[in-house]
Amino acid sequence: MKAGWARSLLTTARGVASIAIPNSARARTGTHRPQAEHDAPPAPPALLTTPSYYGTLAAVRSLGRLQIPVTTASPRRFTIASTSKYTGAHLTCPATTDSEQFLRWLDAFGSANVKHVLLPTCDDTAWLYARHRERLAANFHVGPLDIEATHQLLHKRHLAELARAAGLETPTTWFPDTEQDLQRVLDEATFPVLVKPVTQVLFEPRSKGVVVHRPADLCAAYRNFLKLRHGREIVAYDSSVEKPMVQEYYAEAHTGIYNIAGYARAGRLRDVRAGRKVLQRPRALGIGVCFEEAPVEQPLVDGLERLLQRLNFSGVFEAEFVKLRRRALFIDFNPRFYNQMGFEVARGLPLPVLAYQDALPEQGGPRLVPETGQSLATPGKVFAHGTAFKVMIGAQRLSGVLSREEAQSWRGWYAAHEGLRVDAVSDPDDVWPARLDMLQMLQHHLRHPRIFLRAIVFNS
C-alpha cells in the first residue's frame, strides 16, 4: 500500500511540475500602476513581505481589488502571493530572520522608490517595524506601531500576565530558567505538557513546540529547545526569549480552538469575527486547515478589549482560545496578518484595507465597516485549504489513521459547504497562486518524506 501511494504521489508531482508559469505570473521588477479614476490621486503602493504566507495572499487580493498597487518581496523567486495577478512587482530581499540585512534592504528600497505602505505580515515584521518605526518612517508609511506593546503581545509570558489582569483565563504555564526549575513542573503538572518557545519573533526553526507525554522525557525536550536560537536583535532586546516555556496540553486543542479576529484602534475594537478551528495538521499541534464560523462570545471580546486598552494597541489581530466544557483558555495573540485572514475578508471585514488606511498620514474617505459593534450572524461559511485537506484526508485514510467512516465524514463536510467555502488559496478570479501552491506542496513532501509521513500520513 505504501509503495503504491508513493508512486501515485510521484506521478502527480511530475504532472504538476510540467505546468508552465506564464510570463504574466512570473517575478516582475516593474511597479504596477493602475489607472486612477477621474482626478483622484493614485493610492500609495503597499510593500508586503513573506508572500509565501496565506495571510499575505489574502492581503494582496484585498488591496489589489481596490486598485491599490502591491509589491511583494521575499528571498524566494516564486511565492503564492507574488504569482497573484494583483501583485504588480515581486523583488528579492533578505530573510526577515536576518534582521540587519533585511533592514538595510528596506532602507535602500525606500530611498529609491516612492513611499510605500509597510504592513506586518508575520511576527518578525510586526516586531521589526515597531522596533525601527522612526527609522522606517523616513521612507515608508508605517502604522501606529509601538515596540513595547508589540513585544508584550508576542512574548507569551508577558501576554499571560496581561490576559489575567484583563480577566481572561489562561492555561497553567511554567517559565523555567534552568533545568533545576523543571522539578516544579514535574511536581505540579498533569502530563502531557507542551514545551515551546516564548516567542516566534526571529526564531528561525519556526517550531511551534513539542508535546511531552511522559515526565521522564521533559528534561530532554527542554534541552533540545535550548539549542534552538532566536535572532541576535531580539535576544539583545530581551534575553528571556532564549528560555522555552512549559504549558498544560489539552486534547481539545485538536478541534476546540476558538478564534476571535478583528481590528483595534487605540485599544478600542472596531469590529470582530469569530471562528472555530476544526482541523489542523498535524492534529496535535499544527497549522489550521479547516475553520467554521462561530458566534461571537461577548465576555471574551470584552476581555480582549480590556487587554488591548492597557497597551493602546492599534491594528489587525487574531486571538486564540482552547474551548473546554465551561472554560475558554486564552493561549495566543497575533498582532499582524495571519493564516486564515481571507475568511474575515470574505465575511465583510477587510482587515488589510483597514491596516493600510491607518498607516497613511490622513485617514480620509469612507469607512468600510462600522466604528462599533460586532457581527453576531453565522450564515454557515467555512474556510479550508482545499489542497492540504485532500492530501491529509487521503493519506490518513490510506495509512489507517482515519477509518472509512471518519474519512467519509470529513469529505461530506467539505462537499456540504460547496458555495459557502472560502479557500485559502484557490480563487477562480486568480488561478496561479493555487497552481504554484500545489506544486510547492508536492515538492516539499517529496523532498522531506519523513516529515510528510510523521506529520501528515501518521498524524504524529
Where residues in the stretch 317-350 are assigned to a loop (DSSP other than H, G, I, E, B) and in contact with a Leu (Cβ under 8 Å, 6 or more places away or on another chain), which of them is surrounded by the fewest Cβ atoms within 10 Å (Cβ to Cβ)?
350
Among (1) among the polar types (S, T, N, Q); (2) more than 19 Å from residue 126 (Cβ to Cβ); (3) surrounded by fewer than 19 Cβ atoms within 10 Å (Cβ to Cβ), which single condition is residue 280 missing?
(3)
Between residues in the stretch 392-409 that are of a type in the set (Lys, Arg) and residues that are modelled with pLDDT of 95 or more, which pairs lie under 7 Å by C-beta distance while being six or more apart or on different chains?
397/407
Right, residue 283: more than 20 Å from residue 171 (Cα to Cα), in a loop (DSSP other than H, G, I, E, B) and not assigned by TED's automatic domain parsing to the domain that holds residue 118 or not?
no
Being touching a residue at least 40 places away in the same chain (Cβ under 8 Å), more than 27 Å from residue 46 (Cβ to Cβ), buried (at least 18 other Cβ atoms within 10 Å of the Cβ) and in contact with a helix residue (DSSP H, G or I) (Cβ under 8 Å, 6 or more places away or on another chain): is that true of residue 168 here?
yes
Elements of type helices (runs of 4 or more DSSP H) in the stretch 35-134, at least 1 residues being farther than 23 Å from residue 229 by Cα and small (Gly, Ala, Ser):
54-64, 99-112
I'd like the full set of residues that are touching a residue at least 24 places away in the same chain (Cβ under 8 Å) and either out of contact with any helix residue (DSSP H, G or I) (no Cβ under 8 Å at 6 or more places or on another chain) or among the small types (Gly, Ala, Ser) (or both), limited to the stretch 315-330.
315, 319, 320, 327, 328, 329
The residue from 106, 159, 154 that alone is of a type in the set (A, V, I, L, M, F, W, C), in contact with a helix residue (DSSP H, G or I) (Cβ under 9 Å, 6 or more places away or on another chain) and closer than 22 Å to residue 43 by Cβ is 106
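The values are calculated or read from the model by the stated rules, or taken from the named source; none is laboratory data. Here the structure is a predicted model, which means the values were calculated and not measured. Glycine gets a Cβ as well: all are built from the backbone with ideal geometry, and neighbour counts include every protein chain shown.
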